[in-house]
Structures are given as C-alpha cells and as structure tokens.
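Notes for the one structure printed next.
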Amino acid sequence: MENKFGGYYKKSREERIKILKDLEYIDEKMYNYLIEEKSLENYKADKMIENELGIFGIPFGIATNFLINGKEYIVPMATEEPSVIAAASNGAKIIAKNGGITSKVQENRQMIGQICLYDIDDFSKSLKILEENKEKLINLANKYHEGINNLGGGAKDIKFLKKGQFIIIYLYVDTLDAMGANILNTMLEGISFEIENLINAKKLMAIISNYSLNTIVKASCKLKVDSEYGNKMMLAYEFAKEDVYRAVTNNKGVLNGISALTLVTGNDTRAIEACIHSYASKDGKYMPLTKWEYKEGYLHGSIEIPIPIATVGGSIGLNETTKIALNILKNPNAKKLSEIAAALGLVQNFAALNALVTDGIQKGHLKLHAKTIMEFLKANEKESNIVIEKMIKENKIEIEYAKKILGEIRNEYKL
Ligand code: MEV
C-alpha cells in the first residue's frame with residue numbers, strides 16, 4: 001500500500017486540505033469551503049431543529065491508512081476526543097500491513113417497523129386473519145410509499161406475533177440508502193387502518209424499531225504476531241467477555257470510531273448506538289462487540305454488529321461537511337458505508353487494546369496533550385521536541401511548566 005498520507009498529521013491544516021484536493025478526495029468547491037472555515041448555515045440549521053440559536057462545533061478530521069476489502073480509504077470522523085483519530089490511523093496502518101480488513105453486510109438489508117395492537121377480541125382468529133392477508137398488507141404498505149418501491153426497495157415481509165396482551169406486527173422494508181424512519185412510519189400508519197378493519201383490535205402505536213437486526217455487518221482481520229502479544233490480546237477479549245464493566249468500555253472504544261463516522265455523515269447517532277448496544281446484549285448478557293483470538297502465529301480479530309446507517313435522507317443533504325465526508329469516502333451507498341463503519345469499529349478497538357496491553361493508554365494521550373500545549377505556545381519543532389520530552393519524562397504536562405522550560409531553552413540555546 002503506497003503511503004500517500006505519511007506524516008499527514010505533521011502538516012498544517014491548509015496543507016492537509018490541499019493534499020485531499022490534489023489526491024481528488026475533494027473538489028475545488030469543497031476545498032474552498034474547508035479553507036474558508038465554513039460550516040452549516042443558520043438558515044438551514046433553523047429548519048433542522050426548533051429554537052435554534054447557533055452552530056455547535058465538533059472537530060472534523062480524517063483517519064488514514066485503511067485497507068478495506070482490498071481498497072484504500074481515508075475515513076472522515078467528527079469527534080471531540082483527542083487521540084481517537086491518531087489511534088484509528090495507527091491501528092489501520094498496522095492492520096493494512098497485514099492484509100487489511102474484510103467487511104461484508106448481510107444480504108437483504110432491511111429496516112423493521114412495528115404496529116402494536118391491544119384489546120384483542122380473539123387472538124387465534126385475529127392471527128389467522130392477519131396471516132391470510134399477509135400479501136395484501138405488504139402490497140398496501142408499498143402503495144403508501146410508491147417512491148421507494150419504484151426504486152427497487154419497499155416492504156418485503158410482514159410477521160405477526162402474540163406477546164403478552166398484544167399482537168405485534170413486524171414490517172420488513174428495504175429502505176435502500178435511507179435510514180427509513182419516514183418511509184416506515186408512513187407505511188405503518190397507512191396499513192394500521194386496514195388492520196383495524198380486518199380484526200377486532202385497537203392500534204396502540206405504529207413506529208420504526210431501532211433494533212435493526214437485518215443490517216448486520218461482519219468484519220475481520222488477521223495479523224502475524226508473537227505468541228506473548230497474541231495471548232495478551234486474546235486475554236483482553238476474555239476479560240471483556242467475563243466482566244460487564246470492561247465490556248462497556250471496550251464497546252465505547254468501538255463506538256469512538258463508529259459514532260464519529262455516523263455523526264460526520266449526518267446520521268442518527270442515537271439510533272445506531274441504541275441498536276448496537278442492544279445487540280451486545282442479545283444473548284442476555286452485555287458482551288464485547290469484538291472478538292480477538294490467537295491461533296498458530298496469527299491474531300484473528302472480528303466484529304459483528306448491526307449498522308442501520310444511511311447516505312440519503314434526514315439532514316444528510318443539508319450539511320455541506322457531510323457531503324464532503326461522503327465524497328472523501330467516494331460516495332458509498334448505505335451498504336458500503338456500513339461495511340466501512342464496521343471496519344472502523346474493529347480498527348478502533350484494535351488500537352485501544354494494542355495500547356492497553358502494551359504501553360498503556362496514557363503515554364500516547366500525554367504526548368498528544370503535550371503537543372497541543374506546544375502548538376498553543378507557538379513553539380517551533382525543535383523547541384517542541386525538547387519541551388515535550390522533558391514534560392513527559394517528568395510526568396508534568398502543564399502549560400505553566402511548558403512556558404518555563406520554553407523560556408529556559410530559548411535563553412540557553414538562543415533558539
Ligand atoms: C477511550 O475513549 C476508549 C478506551 O477506553 C477503549 C478501551 O478501553 O477499549 C481506550
């Protein structure tokens with residue numbers, strides 16, 4: 001893999017943006033937008049939410065070095081947390097050197113919607129009538145959203161289950177590249193009227209389910225490692241399997257990547273996070289989303305998660321930065337974006353565990369923190385290197401201390 005992004009983090013912001021343009025990840029218009037530090041305009045924001053006051057900033061960057069399904073990627077991320085992008089880039093580099101990541105979304109990706117019925121007169125009779133009208137209800141659902149049907153998506157299946165005092169109807173819809181809340185809610189509300197005509201029951205509610213179990217992505221990687229390291233990585237996985245306190249932190253690390261990508265691509269981060277966390281408990285216990293196994297000289301990493309991500313709809317088209325983020329990814333469809341997201345989650349977890357079972361997490365964090373201080377003090381590279389080394393050695397990463405050393409070395413070396 002040719003390293004077009006070597007030393008990228010050392011460049012100025014302007015240089016980094018220019019590299020993206022030169023390598024055709026962004027066009028001239030996008031280049032100007034970033035260079036001119038533009039962001040979402042208030043007139044659009046005012047249409048997106050209520051009582052709008054302004055734009056809340058979150059840093060936007062790229063993680064480099066990804067090799068997914070044999071293709072090179074740089075991955076856009078919006079995050080407030082230092083070290084996340086550096087960790088992803090570093091983890092991706094190590095994995096790419098070992099052949100990269102394979103990531104595959106399931107066939108028949110579908111979203112699920114529910115109608116909850118209560119006050120059921122006769123359960124078995126009602127379920128029988130509903131079963132008999134299955135095809136009719138699917139066709140009717142599609143009439144309520146002909147647009148998605150014409151594009152090749154639409155309602156594909158419907159199931160009916162008795163649960164406690166309710167009959168719950170599950171509608172399965174291929175929403176193509178949309179997250180599909182509007183599509184599903186329109187279909188569900190539409191067919192509810194027909195259902196109330198068919199059986200003696202009342203509708204409690206009709207709404208999309210965010211437990212999008214038909215959007216599963218499986219990603220994996222394989223690294224040649226020594227047995228001591230491989231076993232430690234496997235133990236890190238066993239630890240998370242054993243203990244929920246660790247499993248939650250492990251999965252938080254996975255979401256450091258996935259949520260940053262879902263946010264910058266204009267997606268509903270809460271829906272995706274709720275879905276992923278629920279999936280982590282699907283067997284009755286909250287478990288790590290990633291798995292690490294050491295076998296015969298190789299460390300095998302994998303992740304299996306639902307990712308109901310979208311590339312159209314909602315606020316995706318409104319936000320210029322979101323369009324830039326998708327362009328950087330070469331405008332994938334929703335399925336491909338979900339494969340990239342799963343790969344990113346796996347990489348982010350690898351990077352975290354790799355640091356945790358070796359040097360610990362603080363070393364990298366402290367170095368970044370120290371670098372930020374030196375940038376704030378406008379120190380040159382030579383000054384920064386000296387001051388950072390001294391601060392880390394003495395475990396004293398403080399701005400006042402940095403100023404003091406900087407003053408001393410400027411006197412001493414006449415820098
Ligand atoms: C920090 O944001 C994320 C980690 O705590 C994840 C982990 O412990 O696996 C480093």
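Read-outs throughout are calculated quantities, based only on the coordinates presented, and are distinct from any laboratory measurement. Only a predicted model underlies this, so the values are computations on that prediction, with no experimental measurement involved. Cβ placement follows ideal geometry from the backbone for every residue including glycine, while neighbour counts extend to all protein chains displayed.
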Add +1 for every Lys or Arg and -1 for every Asp or Glu among the other residues with Cβ under 13 Å from the Cβ of E304, and state the total.
-> +2
For region 197-272, one quarter of the surface area of the C-alpha convex hull, expressed in nm², comes to 9.4
If you take the beta carbon distance between Y298 and E28 as r and set R0 to 41 Å, what does 1/(1 + (r/R0)^6) give as a FRET efficiency, to the nearest 0.05?
-> 0.35
Based on the mean of other beta carbon atoms within 10 Å per residue, what is the order of 180-190, 238-248, most packed first?
-> 180-190, 238-248
So for F60, F376, fewest C-beta neighbours within 10 Å to most, what's the order?
-> F376, F60
Dipole magnitude of the chain about its Cα centre, charges +1 at Lys/Arg Cβ and -1 at Asp/Glu Cβ only, in debye to the nearest 20?
-> 880
Net lengthening on full extension, K134/E80 (0.36 nm per residue, minus Cα-Cα) | 14.7 nm
Give me Y73, Y294 ranked fewest to most by other Cβ atoms within 10 Å of their Cβ, as a rough exposure proxy.
-> Y294, Y73
If you stretched the chain out fully between N395 and Y245, how much longer would it get, using 0.36 nm times the residue separation minus the C-alpha to C-alpha distance?
-> 51.2 nm
Which whole-number percent of Cα pairs in region 227-375 have a distance greater than 21 Å?
-> 51
Tilt relative to the chain, helix 269-280 - C-alpha long axis, 0 to 90 degrees, to 10 = 80
Between region 241-259 and region 25-78, what is the C-alpha centre distance in whole Å?
-> 26
Of M233, M374, M179, the most mobile residue in a GNM of the chain (C-alpha springs, cutoff 10 Å) is M374
Burial order of peptide ranges 89-97, 202-210, 162-170 (average beta-carbon count within 10 Å, highest first) = 89-97, 202-210, 162-170
Can you list, bin by bin at 10 Å, the percent of alpha carbon pairs in region 363-413, starting at 0?
-> 28, 63, 9
Helix axis angle, 227-242 relative to the chain longest principal axis, alpha carbon, degrees = 40
Calculated FRET value between D122 and K282, using beta carbons and R₀ = 35 Å, to 0.05 = 0.60
Two decimals is fine: what is log10 I(q)/I(0) at q = 0.12, 0.18 Å⁻¹ for region 104-210, from a Debye sum with one equal scatterer on every Cα and no solvent?
-> -0.37, -0.79
Taking only the alpha-carbon positions of the chain as identical scatterers, the Debye log10 I(q)/I(0) at q = 0.09, 0.11, 0.14 Å⁻¹ comes out as -0.67, -0.93, -1.29
Alpha-carbon Debye profile of region 253-305, log10 I(q)/I(0) at 0.12, 0.13, 0.20 Å⁻¹ = -0.35, -0.41, -0.78
At 0.36 nm per residue, minus the direct Cα-Cα distance, what do E381 and N331 gain on full extension? Give it in nm, one decimal, please.
-> 14.3 nm
Among the listed pairs K71/K367; K156/K203; K93/K363; K93/K382; K128/K203; K44/K323, which are separated by more than 25 Å between their Cα atoms?
-> K71/K367; K93/K382
What residue among C275, C221, C116 shows peak mean-square fluctuation when the chain is described by a Gaussian network model with Cα springs under 10 Å?
-> C116
